[in-house]
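**Q** Before I ask anything, let me first share the structure, which is written out below as structure tokens.
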Amino acid sequence: MGYQGQQPVVLPQRDLDDKETLVSEHKHKGKTCRQSAAVFNVVNSIIGSGVIDFSLVLLIKGGALSGTDTYQSLVNKTFGFPGYLLLSILQFLYPFIAMISYNIITGDTLSKVFQRIPGVDPENFFIGRHFIIVLSTVAFTLPLSLYRDVAKLGKISLTSTVLTTLILGIVMTRVISLGPHIPKTEDAWVFAKPSAIQAIGVMSFAFICHHNCFLVYGSLEEPTVAKWSCIIHVSTLVSVFISILFATCGYLTFTGFTQGDLFENYCRNDDLVTFGRFCYGVTVLLTYPIECFVTREVIANVFFGGNLSSVFHTIVTVVIITAATLVSLLIDCLGIVLELSGVLCAAPLIFIIPSACYLKLSEEPRTHSDKIMSCVMLPIGAVVMVVGFVMAVTNPQDCTHGQEMFYCFPDNVSLTSISVSHFQLTTPFSVLNLSIFQ
């Protein structure tokens with residue numbers, strides 16, 4: 001069955017013939033937004049969280065084939081209630097864990113920003129991570145999450161994307177100014193060590209916005225498969241480019257010392273990075289509401305028939321955010337959160353479920369490219385899920401949360417096999433003091 005993508009593809013929640021669904025001219029009555037706003041919403045979700053191009057398009061095609069307009073209804077139509085229940089759990093857990101991770105990042109990042117204010121005691125309760133998490137939740141993420149229409153977050157997502165570009169510039173700058181003075185770990189450039197499977201789990205966490213795709217697709221003025229494919233291609237190229245630059249620059253600077261939260265590697269007296277931390281904290285705060293939208297939608301579909309009154313909309317939002325905040329106050333290591341969420345939630349949401357749905361729904365011949373790709377993606381997802389979980393549990397990532405790295409202290413320069421006098425003789429400033437960070 002071909003996808004011409006020239007007519008609006010409406011995904012009503014009723015059974016329609018596949019061909020009728022694909023060419024339906026019925027006017028889409030949902031909330032709408034421009035394509036540019038949809039791109040920024042997707043990019044924002046990707047960079048806070050990311051995407052795999054093909055499976056996103058596959059989801060929308062599956063929705064068109066089944067006559068459904070949500071990820072949950074697609075799986076329910078394809079695999080019945082057991083599949084629907086499993087997806088609902090995964091689709092709730094992934095963005096919920098993402099919200100927890102964003103809170104952890106906000107607390108870790110902004111606490112170091114406020115510690116740089118002259119005259120502020122680093123031990124002050126009001127600049128501690130716990131207080132910052134609670135304050136940012138009440139003042140920013142909760143009000144933004146109370147919006148009912150994801151299209152209203154388009155401008156906010158644009159702001160987040162711009163700030164991400166600034167952060168990338170700071171990280172790239174520090175590759176040149178700081179990287180040569182950080183010791184390189186042994187076998188730093190050996191590719192694909194056994195822990196690579198764990199890295200795939202983290203990347204799966206980063207490269208997913210499948211739980212958001214129907215929300216963003218539904219916000220388009222005239223949703224079509226062709227228009228959606230264009231948005232996804234643009235969003236993917238931008239997001240992958242930014243992600244690769246971040247990963248490369250971070251690892252070039254710190255090699256094996258790289259933490260789950262890259263900003264944990266930089267010294268607290270680095271003023272340029274302090275500005276980057278502030279931008280990063282704001283970016284995370286602006287990404288948070290999109291994840292809350294998804295968790296709330298899952299609960300609405302499972303328990304309220306897909307519709308929430310104004311009162312229940314507020315109650316459910318407050319309960320979700322309160323639960324995420326409480327958990328984030330108890331957990332302070334980001335790496336293990338990303339690994340487990342990636343292998344247990346993101347891998348099936350990205351690789352397994354979209355492929356399985358399309359293979360069951362599509363009437364294309366087995367040699368069709370979409371079916372071939374689906375047959376490849378499904379077992380890859382299963383391997384990543386099983387092996388990644390085992391390795392994450394048996395070989396957890398080290399976490400140096402809240403600690404200054406050893407190279408930030410002049411007294412520990414000897415650990416880098418370079419003496420302080422060497423720095424003083426070969427550079428006009430000491431690498432490990434304030435002057436390098438101005």
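The values are calculated or read from the model by the stated rules, or taken from the named source; none is laboratory data. Small disclaimer: the values here were computed from a predicted structure and weren't measured. Every residue, glycine among them, receives a Cβ derived from its backbone with ideal geometry; neighbour counts consider all protein chains shown. Each accessible area value is taken on the protein alone, full model and side chains, heavy atoms only, with ligands, DNA and RNA left out. Shrake-Rupley method; radii C 1.70, N 1.55, O 1.52, S 1.80 Å.
**Q** Roughly how many Å² of TYR217 are accessible to a 1.4 Å probe, to the nearest 10?
**A** It works out to around 10 Å².
**Q** Could you work out how much longer the chain between VAL302 and THR173 gets when fully extended? Use 0.36 nm per residue separation minus the Cα distance between them, nm to one decimal.
**A** Here the answer is 41.7 nm.
**Q** First compute the accessible area of segment 36-404 with a 1.4 Å probe, then give the percent of it belonging to carbon and sulfur atoms.
**A** 72
**Q** Around LEU220, which amide H atoms from residues at least 5 apart in sequence, or from another chain, sit under 5 Å from its own amide H, with H modelled in the peptide plane?
**A** Sorted by chain and number, the residues that satisfy this are CYS33.
**Q** Convert each backbone phi in segment 343-359 into a coupling constant with the Karplus relation 6.51 cos²θ - 1.76 cosθ + 1.60 (shift: θ = phi - 60°), then list the ³J(HN,Hα) values in order as whole Hz, x for Gly and Pro.
**A** Going residue by residue, I get 7, 8, 10, 5, 4, x, 5, 8, 8, 7, 5, x, 5, 5, 4, 5, 4 Hz, with x marking Gly and Pro.
**Q** Roll a 1.4 Å probe over the protein chains and send me the accessible area per residue for segment 36-404 in Å².
**A** Ligands and nucleic acids excluded, the figure is 40 Å² per residue.
**Q** Could you tell me how far the Cα centroid of segment 58-89 sits from the Cα centroid of segment 144-194, in Å?
**A** 33
**Q** Right, here's the next one. Just to make sure I understand: if all protein chains stay in place, what is the order of VAL225, VAL319 by accessible area at 1.4 Å, largest first?
**A** From most exposed to least exposed: VAL319, VAL225.
**Q** Sort the following peptides by mean Cβ neighbour count (other Cβ atoms within 10 Å, averaged over residues), highest first: 279-287, 130-138.
**A** 279-287, 130-138
**Q** Can you tell me the convex hull volume per residue for segment 36-404, based on C-alpha atoms, in Å³ to the nearest whole number?
**A** 137
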